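Undergrad: Questions regarding the structure given below will be posed in turn.
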Amino acid sequence: VEGEMIALNNIFFEQAKAELMQESYPELDRLVNLMKDNKDMTIELHGHTNNLGPRNDLIDLSERRVESVKNYLVENGIEKERISGKGFGPDKPIATNNTLEGRQKNQRVEFKILKK
């Protein structure tokens, strides 16, 4: 549905880095296939972090992680014009940052369907 925000589960990065870990590939491959099956679909990636660290560094990290996901999609056949993105750093938590579990939930990449 256009405007829908969808969490990409099982997207993993090296601690405090933007490099995708191999465990992320199956989930990203599902998104690649979805976009190949829906040739007009455009998406906006949203990157989020927990709040451990300086805000500007966390926003930069979330933007670099979004860029890593975008690069993976492009390398796997999705036109870069169909993908935009933004890093929000710690600004949009979905759980508490006071527990490890909450911080892990806050470290996420989501995508919004702009056009289906």
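Undergrad: In a shell of Cβ-Cβ distance under 9 Å around residue 87, excluding residue 87 itself, what net charge do Lys and Arg (+1) and Asp and Glu (-1) give? Each step should come with its number before you reach the end.
TA: Numbers: positive: 64, 65, 86; negative: 60, 63, 67.
Net charge around residue 87: 0.
Undergrad: Related question: With label points built 7 Å along Cα→Cβ from the Cα atoms of residue 51 and residue 99, find their separation and express it in nm.
TA: Those two pseudo-labels are separated by 1.6 nm.
Undergrad: Continuing with the same structure: Rounded to the nearest 20 debye, what is the charge dipole size of the chain about its Cα centre when +1 sits on each Lys and Arg Cβ and -1 on each Asp and Glu Cβ?
TA: 200 debye
Undergrad: Let me ask you something else. Averaged per residue, what accessible surface does the chain expose to a 1.4 Å probe, in Å²?
TA: Roughly 58 Å² per residue, with all protein chains present.
Undergrad: If you project the alpha carbons of the chain onto their three principal axes, what span does each projection cover, largest first, in Å?
TA: If we take the Cα atoms of the chain, the spans are 41, 28, 23 Å.
Undergrad: Once Lys and Arg get +1 and Asp and Glu get -1 on their Cβ, which of 3, 100, 47 lies farthest toward the positive end of the dipole of the chain?
TA: Result: 3, furthest along the dipole toward the positive end.
Undergrad: Ignoring any ligand, DNA or RNA, what whole percent of the accessible area of the stretch 54-94 comes from carbon and sulfur when the probe is 1.4 angstrom?
TA: Whole-percent figure for carbon plus sulfur exposure: 46.
Undergrad: With +1 on each Lys and Arg Cβ and -1 on each Asp and Glu Cβ, and nothing else charged, work out how big the dipole of the stretch 51-93 is about its Cα centre, in Debye to the nearest 20.
TA: It comes to approximately 120 debye.
Undergrad: Applying a 10 Å radius around every beta-carbon, put 46-54, 92-100, 25-33 in order of their mean neighbour count, most first.
TA: So the peptides 46-54, 92-100, 25-33, ranked by packing, come out 46-54, 25-33, 92-100.
Undergrad: Something else: Hey, can you rank 60-68, 81-89 by average C-beta count inside 10 Å, highest first?
TA: 60-68, 81-89
The values are calculated or read from the model by the stated rules, or taken from the named source; none is laboratory data. Since the model is a prediction, treat every value here as computed from it, not as a measurement. Cβ: placed from backbone, ideal geometry, glycine included. Neighbour counts: every protein chain shown. Surface areas here come from the heavy atoms of the whole protein model, side chains and all, with no ligands, DNA or RNA. Shrake-Rupley method; radii C 1.70, N 1.55, O 1.52, S 1.80 Å.
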